[in-house]
Amino acid sequence: MECVNQLRRRLFPASEPENYIVHNLRTSLSVAEHQRDTALDRLKHAEAELAGAQARHQCLVQNLQLVAKGQYQAVYENIKDSLDPEGWALYRAAEHRCKTSVHEFFSTEDNMGCFEAMDGTQLLPWLECANFGTCDWRQLDCPGGYEVSENRRINTASEEYINYRKEIFEEAVNELLLQ
């Protein structure tokens, strides 16, 4: 045993064995703290994913209940921000049901480029006015007798319009969720 103690004294001066032990303990503690922090981060991430999945599940259940009741407009309002932010699915459904297109009915505005930067949400009132509404016409001060629309109004109280709206919301929801 005395040989071992002499060897220790030669290899490690008087204070070094204690420093070596302290260093090893500190290293082990640092590793353990890092592992703990990593595990906590993973747990927080998993909890956030679980909360998101629970919210999506609740949304899905609510929307399925609304679909079962035939309340497609409410479903569309719930999903439009994530699945149809520019309103193209609803516009395509409306265009499919309408007799007249925006570009045909408002040809002067179309030729002037009024519709170029519009998305489906912005075009929908024009399409509905062309098919279910009225507007005043103002002649432009140029040769050719071109007229532009003013004071566009949609007859939202007509039974035809109400049925059309139900149909387009159902078609849009089916396109967004089932295809």
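If amide H atoms are built 1.01 Å from N in the plane of the peptide, which residues on other chains or at least 5 residues away come under 5 Å of the amide H of G133?
Under 5 Å from the amide H of G133: N155.
So who's got an amide H within less than 5 Å of the one on E147, skipping anything under 5 residues away but keeping other chains? H placed 1.01 Å off N, in plane.
L140
By how many degrees, 0 to 90 and rounded to 10, does the Cα axis of helix 159-178 deviate from the longest principal axis of the chain?
Result, in degrees: 30.
On the full set of protein chains, 1.4 Å probe, figure out the accessible area of W137 and give it in Å² to the nearest 10.
Per-residue accessible area (W137): approximately 110 Å².
Kindly write out, for the stretch 48-59 in residue order, the coupling ³J(HN,Hα) from the Karplus curve 6.51 cos²θ - 1.76 cosθ + 1.60 (θ = phi - 60°), rounded to whole Hz, with x marking Gly and Pro.
My calculation for the stretch 48-59 gives 5, 4, 5, 4, x, 5, 5, 5, 5, 4, 4, 4 Hz in order.
Hey, which lysines would be in cross-link range of K69, C-alpha to C-alpha under 30 Å, not counting anything within fewer than 8 residues on its own chain?
K80, K99, K166
Which of rounded, prolate, oblate describes the chain, given a ≥ b ≥ c as roots of the alpha-carbon gyration tensor eigenvalues and a/c under 1.5 marking rounded, otherwise prolate only if a/b is larger than b/c?
Prolate is the answer for the chain, as a/c is 1.5 or above and a/b outweighs b/c.
So what are the ³J(HN,Hα) numbers for the stretch 83-99, from phi and the Karplus equation (6.51, -1.76, 1.60; θ = phi - 60°), rounded to whole Hz, Gly and Pro as x?
Karplus values, whole Hz, x for Gly and Pro: 9, 9, x, 9, x, 6, 5, 5, 5, 4, 5, 5, 4, 5, 8, 8, 8.
In terms of the Cα gyration tensor, with a ≥ b ≥ c the square roots of its eigenvalues, is the stretch 89-141 rounded because a/c is under 1.5, prolate because a/b exceeds b/c, or oblate?
Oblate shape, in that a/c is at least 1.5 and b/c is the bigger or equal ratio.
Just to verify a number: what accessible area does I21 come out at with the full protein assembly present, 1.4 Å probe, Å² rounded to tens?
100 Å²
Using a ≥ b ≥ c from the Cα gyration tensor of the stretch 27-84 (square roots of the eigenvalues), is it rounded, prolate or oblate, where a/c under 1.5 gives rounded and otherwise the larger of a/b and b/c decides, a/b for prolate?
Verdict is prolate for the stretch 27-84.
Beta carbons within 10 angstrom, averaged per residue: use that to sort the peptides 158-167, 25-34, highest first.
158-167, 25-34
Of the heavy-atom accessible surface of the chain (probe 1.4 angstrom), what whole percent is carbon and sulfur?
Ligands and nucleic acids excluded, carbon and sulfur give 53 percent.
Local charge sum around H34 (other residues, Cβ-Cβ under 14 Å, Lys/Arg +1, Asp/Glu -1)?
Computed value for this residue: 0.
How high is the relative contact order of the chain, in percent, counting Cα pairs under 8 Å that sit 6 or more residues apart?
About 20 percent, as a whole number.
Got a number for the accessible area of D110? Probe 1.4 Å, square angstrom, nearest 10.
Result for D110: roughly 40 Å² accessible.
5 Å is the cut-off here: which amide hydrogens, built 1.01 Å from N in the peptide plane, fall below it relative to C98, excluding neighbours closer than 5 in sequence?
Correct list: empty.
Once phi is turned into ³J(HN,Hα) by the Karplus curve 6.51 cos²θ - 1.76 cosθ + 1.60 with θ = phi - 60°, what whole-Hz value does each residue of the stretch 126-140 show in order, with x for glycine and proline?
With the stated coefficients, the stretch 126-140 comes to 5, 5, 5, 5, 5, 9, 10, x, 9, 7, 8, 10, 10, 7, 7 Hz.
If you consider only alpha-carbon coordinates, what radius of gyration and Dmax does the stretch 76-117 have, in Å?
Cα radius of gyration and Dmax of the stretch 76-117 are 12.8, 36 Å respectively.
The values are calculated or read from the model by the stated rules, or taken from the named source; none is laboratory data. This one's a predicted model, so the numbers in the text were calculated from it and none came from an experiment. Backbone-built Cβ (ideal geometry, glycine too); neighbour counts: all protein chains shown. Note: accessible area is taken over every heavy atom of the protein model, side chains too, but ligands, DNA and RNA are not part of it. Shrake-Rupley method; radii C 1.70, N 1.55, O 1.52, S 1.80 Å.
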